[in-house]
Amino acid sequence: YYDALTGLPRRGLLTKILLEKMDKAQKENTKILVLLIDIDNFKGINDKYGHAIGDTLLVSLAQKIQLLLKEGDVFGRLSGDEFLVITQENEDYNTQIRTLEELLLHIATPLYIENHILHVTASIGIVSYPQSEEVDADQILRQANQSMYQAKLHGKNCYQVHNCELEHKTREEHDKLEDIAHALDEGDFVLYYQPKVNMRTGEVIGAEALIRWDHPEKGILPPSSFLPLIEDHPLSITVGEWVINTALNQMSVWKRAGFDIKVSVNVGARQLQNENFTQNLRLMLSKYPTILPFHLELEILETSALENIKNMASIIQECYQMGISFALDDFGTGYSALTYLKELPVKVLKIDQSFVRDMLNDPNDLSILEGVIGLSVAFRREVIAEGVETIAQGKMLIQLGCDLAQGYCIARPMPAGELLFWIVKWKNNSIWQKTIPMHRDEYPLLFAGVEHYAWIIKLKKYITEEETYFPGMDEHQCQLGQWMQRDGLKQYGVLAFSDISSLHVKIHLLALQLVALKNAGKQSDALELLEILHELRDTLLQKLEELLSPITSDIES
């Protein structure tokens with residue numbers, strides 16, 4: 001029960017006392033703290049000065065620590081250079097912290113032993129009891145040991161408090177990883193395919209393979225529910241290879257049915273930078289000799305390419321030599337877009353859906369879209385927009401020079417068995433068929449409409465009290481008014497703006513009336529007039545659209 005060197009309680013007695021303290025804490029609704037103290041670099045002392053001096057050092061340190069303990073504290077030697085303290089948790093957190101810091105400082109004070117000045121520090125792991133979940137004495141000691149090692153990882157000469165919530169979360173994540181691995185073994189993952197099309201011509205240019213978990217109890221689960229868990233885990237490589245192999249197999253099935261469908265697959269940074277990536281890719285391609293390599297496209301996230309861009313470029317170049325092309329996904333969301341375009345030999349840029357979503361009512365998103373499309377032209381890359389959900393979004397993209405797209409407006413991701421039927425039935429929208437890319441001189445007209453729409457949204461938010469300020473009311477100072485007075489009049493002439501100018505003035509006068517009603521406490525009256533404002537807005541936007549009607553009529557003829 002007692003250590004021969006220090007005279008302190010050993011592990012057996014300490015465990016027995018800990019159980020008694022835990023039982024008492026439960027009954028009396030109090031808390032105890034368990035401190036596991038490990039002497040840093042003690043092995044170096046033994047190796048340099050011998051075990052006799054090492055033993056003397058341990059005795060001296062034990063005496064040092066005992067001087068700081070309170071009456072009722074339990075102190076013992078677990079093993080080697082590890083000590084254990086069981087103490088009552090102090091309700092005053094600051095006092096507890098000062099005690100711990102004083103303990104570390106006291107241990108770090110140099111000791112004079114047999115003509116040697118010895119300087120050591122300690123790492124301390126701390127556990128509190130009771131916890132949210134039931135634990136036994138052995139678990140408490142394991143938790144204290146884990147926390148002590150965390151203190152060492154943080155540079156030693158410090159303490160770390162065991163985080164029960166973090167441990168619970170870690171345990172949950174471990175269980176989920178095991179579930180994912182089991183699902184892969186059981187064949188519970190499936191690939192859905194979302195078509196990619198040329199909106200203007202109607203051509204189906206390929207499909208993106210998207211993983212789903214066909215959970216036996218929860219049904220079809222989206223990738224967001226499991227992929228983030230394996231992003232930094234070796235399992236991501238296994239899942240990634242399964243996706244590529246499954247996509248290639250499906251492409252061969254479609255080819256036998258008479259359909260050559262290009263498929264893009266998402267590849268994570270960890271998988272792509274795996275030393276065996278290209279070798280494994282060659283092996284997978286060799287299993288499907290009927291599939292042309294350029295029919296497989298690999299998509300990498302812009303943000304994931306940042307860590308080692310030179311290495312990434314080398315891997316992409318090697319894949320290009322095999323005939324496989326790359327797309328840069330979520331383009332525009334990172335902060336080194338030009339660097340990517342310069343360094344990475346990718347063929348396609350995918351515009352992130354966050355910019356597409358609000359392009360019709362947010363001038364900033366529209367500016368980003370224009371910039372990305374302009375970059376694709378300057379760097380001779382293809383560009384495709386994801387997340388197209390309305391006909392109007394598709395039309396605007398075509399006008400800006402982006403014909404390629406995917407999104408719910410075209411088709412949702414679907415099981416492999418449904419894709420061929422969809423392709424046979426698919427027909428592009430007649431509005432898209434009639435729309436052509438605008439000349440850059442026409443862009444200000446496009447932006448004028450979007451900026452006006454955004455101005456109306458801000459006004460509505462003020463009326464409905466979603467915002468506490470309202471936009472400027474002067475029709476000569478708003479973006480649309482300034483554009484009409486400058487570029488608009490020069491480009492389209494006075495006659496073209498006779499109706500537009502009149503509508504614009506009416507809208508601003510009505511807006512002033514709305515703000516006055518709202519400020520007078522007559523919000524309900526203001527809300528009724530909002531409908532009229534929206535009607536005037538739609539008419540104005542239609543008039544702006546008609547300025548391009550000569551181009552549209554030429555198409556129809």
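The values are calculated or read from the model by the stated rules, or taken from the named source; none is laboratory data. Please read all numbers here as calculations on a predicted model, not as lab measurements. Neighbour counts run over all protein chains shown; Cβ positions are idealised from the backbone, glycine included. Calculation scope for accessible area: heavy atoms of the full protein, side chains included, ligands and nucleic acids excluded. Shrake-Rupley method; radii C 1.70, N 1.55, O 1.52, S 1.80 Å.
Pick out the one residue from 126, 107, 39 that is buried (at least 19 other Cβ atoms within 10 Å of the Cβ), under 23 Å from residue 16 (Cβ atoms) and touching a strand residue (DSSP E or B) at 6+ places or on another chain (Cβ under 9 Å).
Being buried (at least 19 other Cβ atoms within 10 Å of the Cβ), under 23 Å from residue 16 (Cβ atoms) and touching a strand residue (DSSP E or B) at 6+ places or on another chain (Cβ under 9 Å) holds for just one of 126, 107, 39, which is 126.
Just wondering, is there one or more residues in region 130-138 that are surrounded by 15 or more Cβ atoms within 10 Å (Cβ to Cβ) and more than 13 Å from residue 162 (Cβ to Cβ)?
Narrowing region 130-138 to residues surrounded by 15 or more Cβ atoms within 10 Å (Cβ to Cβ): 131, 135, 137.
Narrowing the set further to residues that are more than 13 Å from residue 162 (Cβ to Cβ) leaves 137.
Within region 130-138, one or more residues are surrounded by 15 or more Cβ atoms within 10 Å (Cβ to Cβ) and more than 13 Å from residue 162 (Cβ to Cβ).
Taking region 462-484 as the search range and keeping residues that are more than 17 Å from residue 361 (Cβ to Cβ) and of a type in the set (S, T, N, Q), which one is least open to solvent (accessible area, probe 1.4 Å)?
The residue in question is 482.
For residue 427, state whether it is outside any loop (DSSP other than H, G, I, E, B), within 29 Å of residue 538 (Cβ to Cβ) and open to solvent by 60 Å² or more (accessible area, probe 1.4 Å).
No, not satisfied.
Conditions tested, residue by residue: (1) at negative phi; (2) open to solvent by 50 Å² or more (accessible area, probe 1.4 Å); (3) part of a strand (DSSP E or B); (4) of a type in the set (A, V, I, L, M, F, W, C).
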site: 383; (1), (2), (3), (4): yes, no, yes, yes
site: 388; (1), (2), (3), (4): yes, no, no, yes
site: 396; (1), (2), (3), (4): yes, no, no, yes
site: 402; (1), (2), (3), (4): yes, no, no, yes
site: 409; (1), (2), (3), (4): yes, no, no, yes
site: 412; (1), (2), (3), (4): yes, yes, no, no
site: 418; (1), (2), (3), (4): yes, yes, no, no
site: 422; (1), (2), (3), (4): yes, no, no, yes
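In region 178-191, is there at least one residue being of a type in the set (Phe, Trp, Tyr), surrounded by 13 or more Cβ atoms within 10 Å (Cβ to Cβ), in contact with a Ser or Thr (Cβ under 9 Å, 6 or more places away or on another chain) and under 16 Å from residue 41 (Cα atoms)?
no
For region 10-27: of the residues being more than 16 Å from residue 131 (Cβ to Cβ) and not basic (Lys, Arg), which is surrounded by the most Cβ atoms within 10 Å (Cβ to Cβ)?
14
Condition (residue is within 26 Å of residue 5 (Cβ to Cβ), β-branched (Val, Ile, Thr) and more than 46 Å from the chain's Cα centre (by Cα)) applied to region 87-109: is it met by at least one residue?
yes
Suppose the filter is outside any helix (DSSP H, G or I) and of a type outside the set (A, V, I, L, M); does residue 95 pass it?
When the stated conditions are applied, residue 95 does not pass them.
When region 430-447 is examined, which residues are found to be assigned to a helix (DSSP H, G or I) and under 17 Å from residue 390 (Cβ atoms)?
Hits for region 430-447 are 430, 431, 432, 433, 434, 446.
Here's a check for you: in region 488-526, which residue that is open to solvent by 70 Å² or more (accessible area, probe 1.4 Å) and in contact (Cβ under 8 Å) with a residue 40 or more places away in the chain is nearest to the chain's Cα centre (by Cα)?
Among residues in region 488-526 that are open to solvent by 70 Å² or more (accessible area, probe 1.4 Å) and in contact (Cβ under 8 Å) with a residue 40 or more places away in the chain, the one nearest to the chain's Cα centre (by Cα) is 491.
Identify all residues within region 449-461 that are surrounded by 20 or more Cβ atoms within 10 Å (Cβ to Cβ) and either of a type in the set (Phe, Trp, Tyr) or in a loop (DSSP other than H, G, I, E, B) (or both); write none if there are none.
Across region 449-461, the qualifying residue is only 455.
Quick check, is residue 117 part of a strand (DSSP E or B), under 21 Å from residue 48 (Cα atoms) and among the β-branched types (Val, Ile, Thr)?
Spelling it out, residue 117 is indeed part of a strand (DSSP E or B), under 21 Å from residue 48 (Cα atoms) and among the β-branched types (Val, Ile, Thr).
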